[in-house]
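S.K.: My structure is below; once you've seen it, I'll send some questions.
The values are calculated or read from the model by the stated rules, or taken from the named source; none is laboratory data. These figures come from a predicted structure and were not determined experimentally. Glycine also receives a Cβ, built like all others from the backbone with ideal geometry; neighbour counts cover every protein chain displayed. Side chains are part of the model used for accessible areas, which takes the heavy atoms of the whole protein and leaves out ligands, DNA and RNA. Shrake-Rupley method; radii C 1.70, N 1.55, O 1.52, S 1.80 Å.
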Amino acid sequence: MSMLDINDLNVWFGHGRDRVDAVKGATFTVARGESFGLVGESGSGKSTILRAISGLAPLWSGGMAVDGTALSKQRPKAFYKTVQMVFQDPYASLHPRHSVDQVLGETLHLHGFGDIDARVVKLLDDVGLGQKFRFRYPHQLSGGQRQRVAIARALAPEPELLLLDEPTSALDVSVQAEILNLLVDLRRDRGLTYVMVSHDLSVVGHMCERLAVMQNGQIVEIMGVETLRKMEAKHPYSQSLLAASV
Ligand SMILES: Nc1ncnc2c1ncn2[C@@H]1O[C@H](COP(=O)(O)OP(=O)(O)OP(=O)(O)O)[C@@H](O)[C@H]1O
Ligand SMILES: [Mg+2]
């Protein structure tokens, strides 16, 4: 069974004359354990797809199902035990006055775990930070370390599906590779499924098995990474995107 089924998804913001149709008729599936990329120009609707899956974009129609369960308008708390999101900007996504220990501890508490101390310790090790970072605040961390905390927080509920919205594009190039390698290892070790937005086709080529190319709210082509590597895209827009990336 697929981990994620998106069927003729439309997402919009606003009403009447102010309405913006951000995603139009998107259809794709992601198998359990697969890593699926979303690429395309700025404003093409990539983040909106992730936000709609997470329940952060309330105006949508069509079908979305996670692990065979259709999503309704409201996400039950249990949903976030299965699906977690990592955002582009770890500065914005971490509360400045909450220590790493608080961030992880509160997330674990929220999800009903009892052995919080042991789990915080384990999570910090799992993301390559270790205990010396446990009582630090976001401003005492580098961008890469902060993104590791955001990843640890996403892993805390033991999710199966991670939605990654440009998880490394706010970071220095040298740090990007470290975080991408961490994500590769975590997927392998935990059998996670990824949907990953990226501007960078080489990142998607490294991280994903398949990808969808978006333009103006629509998926214009879905291809395997082999097609990406061989530059054999069919749609003119995908071809121009690939050509621009070499
Ligand atoms: N909260 C919102 N209210 C109104 N319009 C929005 C909102 N969020 C996104 N949009 C619009 O929806 C469209 C898709 O935006 P989205 O953020 O999904 O693009 P994107 O592909 O992620 O772009 P980028 O690569 O720049 O992150 C854009 O036209 C954007 O202006
Ligand atoms: Mg975006």
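S.K.: What's the total number of residues in the stretch 208-229 that are away from ligand 1 (no atom under 12 Å from the Cβ), in contact with a Lys or Arg (Cβ under 8 Å, 6 or more places away or on another chain) and hydrophobic (A, V, I, L, M, F, W, C)? Let's see the steps before the verdict.
M.R.: First, pick out the residues of the stretch 208-229 that are away from ligand 1 (no atom under 12 Å from the Cβ): 208-211, 220-229.
If we keep only those that are in contact with a Lys or Arg (Cβ under 8 Å, 6 or more places away or on another chain) too, we end up with 221-225.
From what is left, the residues that are hydrophobic (A, V, I, L, M, F, W, C) are 222-223, 225.
Selection size over the stretch 208-229: 3.
S.K.: Of the numbered conditions (1) within 20 Å of the chain's Cα centre (by Cα); (2) over 16 Å from residue 137 (Cβ atoms); (3) open to solvent by 40 Å² or more (accessible area, probe 1.4 Å), residue 109 satisfies every one except a single condition; which is it?
M.R.: Checking residue 109 against (1) within 20 Å of the chain's Cα centre (by Cα); (2) over 16 Å from residue 137 (Cβ atoms); (3) open to solvent by 40 Å² or more (accessible area, probe 1.4 Å), the one that fails is (1).
S.K.: Just the residues that are more than 8 Å from ligand 1 (Cβ to nearest atom) and open to solvent by less than 10 Å² (accessible area, probe 1.4 Å), please, taken from the stretch 12-37.
M.R.: Across the stretch 12-37, the qualifying residues are 26, 28, 30, 35, 36, 37.
S.K.: Going through the stretch 48-70 one residue at a time, which ones are closer than 13 Å to residue 13 by Cα, under 14 Å from the mean Cα position of the chain (by Cα) and small (Gly, Ala, Ser)?
M.R.: Within the stretch 48-70, just 52 meets the criteria.
S.K.: Okay, moving on. Considering only residues that are under 24 Å from residue 83 (Cβ atoms) and of a type in the set (Asp, Glu), look in the stretch 151-175 and name the one that is farthest from ligand 1 (Cβ to nearest atom). Steps first, answer last, please.
M.R.: Within the stretch 151-175, the first condition is being under 24 Å from residue 83 (Cβ atoms), and the residues that meet it are 151-171.
From what is left, the residues that are of a type in the set (Asp, Glu) are 158, 160, 165-166.
On the way: 158: 27, 160: 23, 165: 7, 166: 7 Å.
The selected residue is 158.
S.K.: Go through (1) touching a Lys or Arg at 6+ places or on another chain (Cβ under 9 Å); (2) open to solvent by 50 Å² or more (accessible area, probe 1.4 Å) for residue 42 and report which single condition fails.
M.R.: Every listed condition holds for residue 42 apart from (1).
S.K.: For residues that are under 13 Å from the mean Cα position of the chain (by Cα) and open to solvent by 40 Å² or more (accessible area, probe 1.4 Å), scanning just the stretch 156-180, find the one that is modelled with the highest pLDDT.
M.R.: Filtering first and then ranking leaves 160.
Every residue, every condition in (1) within 16 Å of ligand 1 (Cβ to nearest atom); (2) within 27 Å of residue 214 (Cβ to Cβ); (3) crowded, with 16+ Cβ neighbours inside 10 Å; (4) modelled with pLDDT of 95 or more, yes or no:
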| site | (1), (2), (3), (4) |
| --- | --- |
| 103 | no, no, yes, yes |
| 120 | no, no, yes, yes |
| 149 | no, no, yes, yes |
| 182 | no, yes, yes, yes |
| 200 | yes, yes, yes, no |
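S.K.: Which ranges mark the helices (runs of 4 or more DSSP H) fully within the stretch 1-103 that have 2 or more residues being among the small types (Gly, Ala, Ser) and within 14 Å of ligand 2 (Cβ to nearest atom)?
M.R.: Working: elements: 46-54, 79-82, 90-93.
Filter on the stretch 1-103 gives 46-54, 90-93.
S.K.: Among the residues of the stretch 45-77, what is the count of those that are within 16 Å of ligand 1 (Cβ to nearest atom), closer than 24 Å to residue 88 by Cα and either open to solvent by 30 Å² or more (accessible area, probe 1.4 Å) or aliphatic (A, V, I, L, M) (or both)?
M.R.: Total satisfying the criteria: 12.
Every residue, every condition in (1) in contact with a His (Cβ under 8 Å, 6 or more places away or on another chain); (2) of a type in the set (S, T, N, Q), yes or no:
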position: 138; (1), (2): yes, no
position: 142; (1), (2): no, yes
position: 173; (1), (2): no, no
position: 186; (1), (2): no, no
position: 209; (1), (2): no, no
position: 221; (1), (2): yes, no
position: 229; (1), (2): no, no
position: 237; (1), (2): no, no
